[in-house]
Amino acid sequence: MSLSSLPSQYRSLFTTLIQYSRQKDLQKGKALHAQIIKTGPNSCVYIANSLVILYAKCGDLPKAKLVFEAIPDKDVVSWNSLINGYSQQGQNGSSHVMALFQRMRAENAFPNAHTFVGVFTAASYASPDVFGGRQAHALAIKADSFYDVFVGSSLLNMYCKAGSCIGCS
């Protein structure tokens, strides 16, 4: 299903939530979330993903995780929204990112370039060996995401911060 095939009220909710997340307006986002809970479109993956993004961008990761866990049919955007939210938390989010990445793979969800950027960003705050950065590097190559400029930049950053720029080649 594409965004254009959604009913207009869902598209409106989606775009409003994304706007609130860009503005980091958690108060308005929470008010709209309460309205969504009352009216029922929270079962729509687009709405649920935009709620995860809202809470993650506003720094309320426990709430983002709660919304994420309630999504019955997670897609790659669901996973990326939470992974990238945690990756922006620096060292505090690294272990959450790697646990989510392992779970994502265990649940047969396929990572994409956005996933790898989040994983490499999180791994850059710790040793790539400890946090699975090297395994993610191998998976990025297998997934043909290695040639994405953002993936390459975050990979280079990960290895250089770990003092191992040799691993970049």
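The values are calculated or read from the model by the stated rules, or taken from the named source; none is laboratory data. Computed from a prediction, not measured in an experiment: that's the story for all the values here. We place every Cβ from the backbone using ideal geometry, glycine too, and count neighbours over all the protein chains shown.
Out of Gly93, Gly133, Gly118, report the one residue that is more than 19 Å from Leu156 (Cα to Cα) and surrounded by 15 or more Cβ atoms within 10 Å (Cβ to Cβ).
Within the list Gly93, Gly133, Gly118, the selection yields Gly93.
Yes/no matrix, rows are residues, columns are (1) under 13 Å from the mean Cα position of the chain (by Cα); (2) of a type in the set (Lys, Arg); (3) in the same structural domain as Val151 (by TED's automatic domain parsing):
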position: Ala34; (1), (2), (3): no, no, no
position: Ile47; (1), (2), (3): no, no, no
position: Gln88; (1), (2), (3): yes, no, yes
position: Ser95; (1), (2), (3): no, no, yes
position: His114; (1), (2), (3): yes, no, yes
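I need the helices (runs of 4 or more DSSP H) fully contained in the range 1-102, keeping only those with at least 2 residues that are out of contact with any strand residue (DSSP E or B) (no Cβ under 8 Å at 6 or more places or on another chain) and under 19 Å from Val119 (Cα atoms).
Here the list reads 45-57, 61-69, 76-87.
Could you go through the range 55-63 and let me know if any residue there is among the aliphatic types (A, V, I, L, M) and not assigned by TED's automatic domain parsing to the domain that holds Asn108. Walk me through how you get there before you give the answer.
Residues of the range 55-63 among the aliphatic types (A, V, I, L, M): 56, 61.
Filter once more, so that each one left must be not assigned by TED's automatic domain parsing to the domain that holds Asn108: 56, 61.
Yes, that holds for at least one residue.
Looking only at residues in the range 1-36 that are at pLDDT below 90 and not hydroxyl-bearing (Ser, Thr, Tyr), which one is surrounded by the most Cβ atoms within 10 Å (Cβ to Cβ)?
This residue is Leu6.
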